[in-house]
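Novice: This is the structure, below, for whatever I ask next.
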Amino acid sequence: MSEDTSIIITAVVTAELNTATAGLLGAGQRLAKETGGEHIVLTSGGSDSEFAAKVKEHADHVITFDSEDLANNQPEAWLNTISVVSSQKKPSAILLGNDTLSQEITPRLAHRLGGASSGDAQAVSANGDTILVTRSVYGGKAEAEIELTASPAVVWVRAQSMEPAETQPTSGTIVAGDVDASSDIRNKLIETHAEEAEGERLEDAQIIVSGGRGLGGPEPFEELVALAKVLKAQNAASRAACDLGWVPHSWQVGQTGRKVAPQLYLAVAISGASQHMMGIADSKAIAAINTDPDAPIFKHCQFGLVEDYQNVIGPLKTKLAELL
Amino acid sequence: MNILVCLKQILDPEVPVRDFAIDSSGLQADPACANQVTNIFCENALESALQLKDLHGGKITVISLGPESVEDSLRKGLAMKADEPFMIVNNNGLLPDSAAVAKVLATAIRKMEPFDLILTGRESGDWGAGQTGGILAEELGLPFTAFIDEVSPEGDDRLILRQQTDSGWQKFSAPKPAVASITNSDHNLPRIPKTRDIIMANRKPLTTWTLEDLEISAEALSSNQYKARVRKLSIPESKSECEFIEGDTTEEKIQKLADKIAAIARAV
């Protein structure tokens, strides 16, 4: 740890302004404030980029790295870059988001720097010289407070559900970093394929209409897709519905699927097993339509309707089309 | 190809909420509140390895660290047709942290014959930390890729690893030996062992190592050495504040539901 001020490094591996970036920057900014330290943000691109100019509103220093490998999200290039900067700056904590790359490099980074790592943090705070992480464990049945005793604490956070960063009274500086990101890359990235997703990623979706086993088959999902369209929402499903082959696995939300944080999660014919709830716990509001008033999902709902979905979805879609 | 699959035994994640309990240490689940099972992602990893072997030949070794009960996970792995099991017994009651586990596994792996590929599950269904694979790779000085759902050989010296990403997938060409963590996909649902193979699996010899055999002090696995130390574990109170939508007719109820949803949708 640095002798004078503590340093918090936030690594934004995808230079895009979205909910995840705002939440990640917020987490770093608050931790720096709490520790009375400096907030340094690492990102890719040129020092004159629009993104860097935006990020400096939430940081003391922004270090940009103009490298093709970093822009292409080559994991080892990021690992090298963050390692080198961290061995110079000696941060007490390094925060990353919940994208695939960040999750992959978190444990490796911690090991390289002699620190401690944790993932899936719902809250990060300082406790004297150590960092505390709060996270959901045992498939959402328990909550743990974990102390990272070695420094730096390297943590990937549930970025979308973190409070966004505030604009600082004084903007930070931007400097172009100078690190050979591309040395010692052993795993060559040879092909990237983006699913032709209609609209945004599930993780960034503001409204999600999700279906479960209670739908009884793949056909009713077509109605949920139509309903989602009216709401400009994304569709998702429980593990049961995906395992039964009704919808693609990329729709799966839960402990073994995606973790989402929409303003509204509408669960249709989903019972609400704890593994599913773990993926939706960060939703601002959860609503359910289910025939069983005792279904666990209702315990987590802001509002719910006890009714057979077959009587609801069609008319609901029509009414919403009128209202919106 | 010579493949090692790391299997973690965990508390059955399907344990109902009403049965879930925390043990007297206050720091982990009570092992008596449910069965111990093999972590699903570790089984996905084994399935991926078995498919590679089915196509390209080779040998699959399985390893597990934990109390004697981890033998069940290793036996099940053998029944699924893994070739050779290694058990590292650790009777320290508390679950060690990922860095400590990775260190023990790395020490054991250095004693074993060389592998082309070392697989772990993406994360475990109990603590879900998802750290062990990455730390293990660093301990061994090997490359690492996470969230892999497909592995295939590329010539003699490299592997193609397909990684699930937030927006689809990407492929890496990795030099052997490599470490990868496996995620679930439509293609690696663990096979169900045949009864005959289960019986055969119980007859296979099992190599058992203690921590002393690996020249690791029990102290190294005690909780005061953990880099990630659990301070508190609690069961969140489930407080239901659901407003059930009432109405005289279904239509009225749907109207109220639509109003509530529209209010949120407009604010987005």
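Novice: Just one of the numbered conditions (1) over 22 Å from A:Val230 (Cα atoms); (2) buried (at least 20 other Cβ atoms within 10 Å of the Cβ); (3) in contact (Cβ under 8 Å) with a residue 40 or more places away in the chain is not true of A:Pro296; which one?
Specialist: Tallying (1) over 22 Å from A:Val230 (Cα atoms); (2) buried (at least 20 other Cβ atoms within 10 Å of the Cβ); (3) in contact (Cβ under 8 Å) with a residue 40 or more places away in the chain, A:Pro296 fails exactly one: (3).
Novice: I'd like to check something: does the range B:33-54 contain any residue that is on the phi > 0 side of the Ramachandran plot and either surrounded by fewer than 24 Cβ atoms within 10 Å (Cβ to Cβ) or within 14 Å of another protein chain (Cβ to nearest Cβ) (or both)?
Specialist: No - not one qualifying residue is present in the range B:33-54.
Novice: Taking the residues in the range B:164-179 that are crowded, with 23+ Cβ neighbours inside 10 Å and of a type in the set (Gly, Ala, Ser) as candidates, determine which candidate is farthest from the other protein chains (Cβ to nearest Cβ).
Specialist: The qualifying residue farthest from the other protein chains (Cβ to nearest Cβ) is B:Ala178.
Novice: Something else about it: Just wondering, is there one or more residues in the range A:297-317 that are over 30 Å from A:Pro164 (Cα atoms) and among the polar types (S, T, N, Q)?
Specialist: Checked against the condition, which is being over 30 Å from A:Pro164 (Cα atoms) and among the polar types (S, T, N, Q), the range A:297-317 yields at least one hit.
Novice: Moving on to the next point. Among the numbered conditions (1) of a type in the set (S, T, N, Q); (2) touching a Ser or Thr at 6+ places or on another chain (Cβ under 7 Å); (3) under 23 Å from B:Glu139 (Cβ atoms); (4) more than 13 Å from chain B (Cβ to nearest Cβ), tell me where A:Thr106 comes up short.
Specialist: The one condition A:Thr106 does not meet is (4).
Novice: Looking at A:Arg135, A:Arg158, A:Arg186 in this structure, which one is at the interface with another protein chain (Cβ under 9 Å from one of its Cβ atoms) and under 21 Å from the mean Cα position of the chain (by Cα)?
Specialist: Result of the check over A:Arg135, A:Arg158, A:Arg186: A:Arg135.
Novice: Also, I was wondering about something else. Being β-branched (Val, Ile, Thr), within 18 Å of A:Leu113 (Cβ to Cβ) and either surrounded by 15 or more Cβ atoms within 10 Å (Cβ to Cβ) or modelled with pLDDT of 90 or more (or both), is that true of even one residue in the range A:158-178?
Specialist: No - not one qualifying residue is present in the range A:158-178.
Novice: So, one more: Taking the range A:300-317 only, how many residues are buried (at least 17 other Cβ atoms within 10 Å of the Cβ), part of a helix (DSSP H, G or I) and of a type outside the set (Ser, Thr, Tyr)?
Specialist: 5
Residue-wise test of (1) part of a helix (DSSP H, G or I); (2) under 17 Å from B:Gly134 (Cα atoms); (3) within 14 Å of chain A (Cβ to nearest Cβ).
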site: B:Val62; (1), (2), (3): no, no, no
site: B:Arg75; (1), (2), (3): yes, no, no
site: B:Leu95; (1), (2), (3): no, no, yes
site: B:Ala100; (1), (2), (3): yes, yes, yes
site: B:Ile109; (1), (2), (3): yes, yes, no
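Novice: If you don't mind, another one. Could you tell me whether any residue of the range B:112-120 is within 17 Å of B:Trp209 (Cα to Cα) and either of a type outside the set (Phe, Trp, Tyr) or under 17 Å from the mean Cα position of the chain (by Cα) (or both)?
Specialist: There is at least one residue in the range B:112-120 that is within 17 Å of B:Trp209 (Cα to Cα) and either of a type outside the set (Phe, Trp, Tyr) or under 17 Å from the mean Cα position of the chain (by Cα) (or both).
Novice: Let me ask something else. If you go through the range B:210-268 one residue at a time, how many are farther than 30 Å from A:Phe303 by Cα, within 7 Å of chain A (Cβ to nearest Cβ) and among the small types (Gly, Ala, Ser)?
Specialist: The number of residues fulfilling the criteria is 1.
Novice: Which condition does B:Ile88 not pass, out of (1) more than 14 Å from every other protein chain (Cβ to nearest Cβ); (2) within 24 Å of B:Met200 (Cβ to Cβ); (3) touching a Ser or Thr at 6+ places or on another chain (Cβ under 8 Å); (4) surrounded by fewer than 17 Cβ atoms within 10 Å (Cβ to Cβ), if it passes all the others?
Specialist: (4)
Novice: In the set A:Ala11, A:Ala27, A:Ala32, which member is under 18 Å from A:Val85 (Cβ atoms), in contact with a strand residue (DSSP E or B) (Cβ under 8 Å, 6 or more places away or on another chain), in contact (Cβ under 8 Å) with a residue 40 or more places away in the chain and of a type in the set (Gly, Ala, Ser)?
Specialist: A:Ala11
So that you can scan it fast, the table gives a plain yes or no per residue for (1) aliphatic (A, V, I, L, M); (2) within 20 Å of A:Leu95 (Cα to Cα); (3) out of contact with any strand residue (DSSP E or B) (no Cβ under 8 Å at 6 or more places or on another chain):
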{"position": "A:Ala150", "(1), (2), (3)": "yes, yes, no"}
{"position": "A:Ala165", "(1), (2), (3)": "yes, yes, yes"}
{"position": "A:Gln168", "(1), (2), (3)": "no, yes, yes"}
{"position": "A:Lys188", "(1), (2), (3)": "no, no, no"}
{"position": "A:Val209", "(1), (2), (3)": "yes, no, no"}
{"position": "A:Leu231", "(1), (2), (3)": "yes, no, no"}
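Novice: Another question, if that's okay. Is there any pair linking a residue in the range A:256-282 that is more than 9 Å from every other protein chain (Cβ to nearest Cβ) and crowded, with 24+ Cβ neighbours inside 10 Å to one that is assigned to a loop (DSSP other than H, G, I, E, B) and among the acidic types (Asp, Glu), with Cβ under 6 Å and at least six apart or on different chains, and which?
Specialist: A:Ala261/A:Asp282
The values are calculated or read from the model by the stated rules, or taken from the named source; none is laboratory data. The shown structure was predicted, so the numbers you read here are calculated from the model rather than taken from an experiment. Counting neighbours? That spans all protein chains shown, and the Cβs are built from the backbone with ideal geometry, glycine included.
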